[in-house]
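Let me begin by presenting the structure, written as structure tokens, before commenting on it.
Each reported figure results from applying straightforward, stated rules to the coordinates on display, with no laboratory input. All of these numbers come straight from a predicted model, not from anything done at the bench. Here Cβ is always computed from backbone atoms with ideal geometry, including for glycine, and neighbour counts include all displayed protein chains.
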Amino acid sequence: MKVCRRITFNAAHRLFHPEWTDEKNLEVFGKCAYPNYHGHNYVLETWLEGKVDPMTGYVMDLKDLKKILNQEISERFDHRNLNLDCPEFAHLNPSAENIAMVCWKLIREQIPSSLKLVVRLWETENNIVEYNGEE
Ligand code: NI
């Protein structure tokens, strides 16, 4: 059985590689490399897979998952500049892929190991990435 909790957070970022010239960064990342940052309304889906507890009827109490997501994701990233404000991205380009990996690791530490975890991050309506901890 799979269950999902969805959250949204707003954050600014800039994609660039610090060892590349401005020209090279523009060539690779396009508008995403503009130096003064831009924002996204990120949507993070957290999917858990496991057995339904016969006592509660739940895979996991989604109220508990909500608390974990507030604490680990919203409080950390909502209304932040990911590059400047968040140590997680001090040396990591905040692409959707990397944001999804960071979120996965933060959530993984807080949920029972018996549950499989997949996160799906929507950067825009059309650009979506998914991470299961492997690749
Ligand atoms: Ni962007």
Lysine-lysine proximity count for the chain, Cα under 28 Å, sequence distance 8 or more or distinct chains = 18
remark   = Expected sort for M1, M55, M60 with the fewest Cβ neighbours (10 Å cutoff) up front is M55, M1, M60
message = Based on alpha-carbon centroids, what's the gap between the stretch 19-48 and the stretch 117-133 in Å, whole number please?
response = 15 Å
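Please state the shape class of the stretch 2-131: rounded when a/c is under 1.5, otherwise prolate if a/b exceeds b/c and oblate if not, all from the C-alpha gyration tensor.
On the way: a/c = 2.64, a/b = 2.48, b/c = 1.07.
In terms of gyration-tensor shape, prolate.
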